[in-house]
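Some notes on the structure that comes next.
The values are calculated or read from the model by the stated rules, or taken from the named source; none is laboratory data. Note that this is a predicted model, so its numbers are computed, not measured. All Cβ positions, glycine included, derive from the backbone under ideal geometry; neighbour counts span all protein chains shown. Areas reflect the complete protein model, heavy atoms only, side chains present, ligands, DNA and RNA absent. Shrake-Rupley method; radii C 1.70, N 1.55, O 1.52, S 1.80 Å.
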Amino acid sequence: MNQKNSEKLWKLPLYKIYTDDEDVNLITKIIKRGSNWAIGPEIDEFENAISDYVGVDYSAVLNSGTSALHASLLAFGLGDGDEILVPSFSFISTANSVLFVNATPSFVDIEEETLGIDPKLIEQSISSNTKAIIPMDYGGMSCQISEIKENAENNNLLVIEDGAESLGSSVKGKKVGSISDATIFSFCGNKVLTTGEGGAVVTNSREIIEKIKLIRSHGRLDQKNYFNNPSSAQYLGLGYNWRMSSITAGLGISQLNKLEKIIKMRQENAEYLSSRLSKLPKIKVPTAPAGYEHIYQMYTIRLPDKTTRDSLHDFLTERQIFSKVYFTPIHNTSFYQQKFGINKNLLPITEKISQQVLTLPLYPNMTAEEKDLLVETICEFFESQ
Ligand SMILES: Cc1ncc(COP(=O)(O)O)c(C=O)c1O
């Protein structure tokens, strides 16, 4: 069996996608029409639905969260010689996007409440070349975005938020994506709203969204479907092909229609797991500070130390229960160590948290038996210690 697709080996996978007949019917309709599989009406429709949902003026969909991040940095004109503040406790593309535009990532430590960039550390991390900050919303909950935005504004920094994991979460009623200068989302297979692969940018700036739409499609003014339009197109600048297909956008529309239902199912499952796991003294279950809504893209517990964390991880793997460490800090990857040789003592909270975290299985249709199997296996681990 192909190890890459060995889901069947797991009694409990890390995640499972929630899908229904609406997904199948919408995609089938697009396939059967036999036209406009690229740049079809679903692109605008999905974009309008995303911006309405988040509560912003504009949205652009792309083929991944990474291209959404890359396109955003290009659209804001960030590049050569610029320094951009990023967390190291994130997926590697947060920092890679900075390298894509020849800018320099400068890592800032996180705080322990939301595991996002610590707003109090921004000021001291700024140099005369610092132009922007990319805060990340970890695992389905916002970082301290209002405080970060305020500090950034005081220091003339752009805020391009990496909300890849957190579409649907909110702080004090404001959805992730509605506060920063621009925010990106990912629709990759393990996200709460997924289209397999895909991404989006949301912003209130018309200028930025227009630039992003040019960048994602060869610098071409795609006002009409290029493939159906007999006249020649205008190319206004350098661009890529980072477009999302109409079929993918159709799936996105149908997934967005049920996003609130999916979130509720995840929250109920997370609450059940937390009600039981919080009784174990060595486990810190995920919690949301007052005013924050957690949508549990990941259900990540914290253990007292790396030894306990790694032993539990091994114990669960042996029992065919999928758990995973999100994240090993970006600055500790061999690529970043070779390129920058970053001093490990610079990010003490990032180092500490990354040794404590373990993400456990959680998905909308998790059965009562599956949740109990997870909890009881973890109890068994602590009894065996
Ligand atoms: C925090 C974060 N940023 C960026 C990305 C990149 O998104 P994508 O995989 O869609 O390119 C991801 C997705 O895994 C992510 O978790």
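Figures for the structure shown
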quantity: Translational diffusion coefficient (Stokes-Einstein; Kirkwood radius from C-alpha pairs) of segment 201-302 at 20 °C, 1.002 mPa s, in µm²/s; calculated: 120
quantity: Rough spin-label spacing in nm, given labels placed 7 Å along Cα→Cβ, for residue 223 and residue 99; calculated: 4.0
quantity: Segment 167-254: trypsin sites (Lys or Arg not before Pro) in DSSP loop, at most 13 other beta carbons within 10 Å; calculated: 172, 224
quantity: Length gained when the stretch residue 172-residue 44 is fully extended (0.36 nm per residue, less Cα-Cα span); calculated: 43.2 nm
quantity: For segment 309-380, alpha-carbon Rg relative to the globular expectation (2.2 N^0.38 Å, N residues); calculated: 1.42
quantity: Anisotropy class of segment 1-112 from Cα gyration tensor, a/c 1.5 cut; calculated: oblate
quantity: Under 19 Å from residue 344, Cα to Cα: aspartates and glutamates that are on another chain or at least 8 residues apart; calculated: 109, 111, 112, 118, 305
quantity: Förster radius 30 Å - calculated FRET efficiency between residue 261 and residue 32, Cβ distance, rounded to 0.05; calculated: 0.65
quantity: Cα convex hull of segment 83-190, projected area averaged across orientations, nm²; calculated: 6.3
quantity: Portion, in percent, of the accessible area of segment 188-244 that falls on carbon or sulfur, probe 1.4 Å; calculated: 48
quantity: Members of 175/224; 16/120; 175/261; 264/352 lying beyond 27 Å, as alpha-carbon distances in this model show; calculated: 175/224; 16/120; 264/352
quantity: Computed label-point distance, nm, for sites residue 306 and residue 204 using a 7 Å Cα→Cβ extension; calculated: 4.4
quantity: Amide hydrogen neighbours beyond the local backbone of residue 136, cut-off 5 Å, H modeled; calculated: 117, 162
quantity: Calculated Rg and Dmax of the chain using C-alpha coordinates, Å; calculated: 21.1, 72
quantity: Helical mean residue ellipticity (222 nm; -39500 (n - 2.57) per DSSP H run of 4+; nearest 500) of the chain; calculated: -11500 deg cm²/dmol
quantity: Separation of the residue 314 and residue 368 label points, Cα + 7 Å toward Cβ, nm; calculated: 3.6
quantity: Convex hull volume per residue for segment 215-370, taking Cα atoms only, in Å³; calculated: 223
quantity: Cubic angstrom per residue, convex hull over Cα atoms of segment 134-244; calculated: 119
quantity: Rounded to 5, percent antiparallel among DSSP beta bridges of the chain; calculated: 60
